[in-house]
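Visitor: Pasting in a structure now, in structure tokens, and then I'll have a few things to ask.
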Amino acid sequence: MVEGEASSPAFTIDYAVATGDWPAEDVLRALVEPAVTAAAARTDGPVQASLSVLFTDDAEMRALNARFRGKDKPTNVLSFPAPDSMVPPGTPRHFGDIALGYETVSREAKEEGKSFEHHLTHLVVHGFLHLAGHDHETEVEAEEMEQLEREILQSLAIGDPYA
């Protein structure tokens, strides 16, 4: 497992590459940090916080999905918002955790004719928006979240992921 930490302007991001054929950590950082920064700029989240990103495989994603969502299948991204709690003064709040499953992310990118990098960036934005309280349980929520994703990705020079 490779673990590291990096900072975007508002977020300290902890990285863990557990398993899977993920690109090198510097490549992952170069994709995640701009995605988090762009998404944070468009939400009402904390000004400063920490965030954890887990890069793993479908087996672990399946276990997490079953345990926390009752769905016994792998998925591309899971988000785990951190509960609001008392934070000592001067300590950034932990915003939450994002987990990504390599095989599903890779397969979806190929099936949808997207670059792996663009699809991964989209999923990081999607996961971050869930941490910020956005959801897609209803048609209205889905439309609002998808539009926000489009705008964030456009600011990163990435085309409409839903086109």
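Visitor: Give me the percent of DSSP beta bridges within the chain that run antiparallel, rounded to the nearest 5. Intermediate values should be presented prior to the final figure.
Guide: Details: 11 of 26 bridges.
Expressed as a percentage, antiparallel bridges in the chain total about 40.
Visitor: Quickly work out the Glu139-to-Ala66 label distance, labels modelled 7 Å from Cα along the C-beta direction, and quote it in nm with one decimal.
Guide: 3.5 nm
Visitor: Which aspartates and glutamates have a Cα lying under 18 Å from the Cα of Lys73, excluding residues fewer than 8 positions away in the same chain?
Guide: Hits, sequence-local ones excluded: Asp57, Asp58, Glu60, Glu103, Glu108.
Visitor: May I ask for the Kirkwood hydrodynamic radius of the stretch 33-114, worked out over all distinct Cα pairs and given in angstroms to one decimal?
Guide: Values: mean 1/r = 0.0695 Å⁻¹.
Across the stretch 33-114, the inverse of the average 1/r is 14.4 Å.
Visitor: Compute the FRET efficiency between Ala30 and Arg93 as 1/(1 + (r/R0)^6), taking r as their Cβ-Cβ distance and R0 = 22 Å, and round to the nearest 0.05.
Guide: In this case the efficiency is close to 0.30.
Visitor: Quick one: plug the Kirkwood hydrodynamic radius of the stretch 2-155 (C-alpha pairs) into Stokes-Einstein at 20 °C, 1.002 mPa s, and report D in µm²/s.
Guide: 136 µm²/s
Visitor: Please list, by residue number, everything in the stretch 87-107 whose backbone N is under 11 Å from a paramagnetic label point 7 Å out along Cα→Cβ of Gln48.
Guide: 89-93
Visitor: Which of Glu139, Glu149, Glu103 ends up with the largest GNM mean-square fluctuation for the chain, with Cα atoms connected below 10 Å?
Guide: Glu139
Visitor: Further question: Given a 10 angstrom Cα cut-off, can you work out which residue in Pro83, Pro34, Pro74 is the most mobile in a GNM of the chain?
Guide: Looking only at Pro83, Pro34, Pro74, the biggest GNM fluctuation is shown by Pro83.
A short reminder: the numbers here are calculations on the coordinates, not readings from a lab. These figures come from a predicted structure and were not determined experimentally. Note that we place each Cβ from the backbone using ideal geometry, even for glycine, and neighbour counts take in every protein chain shown.
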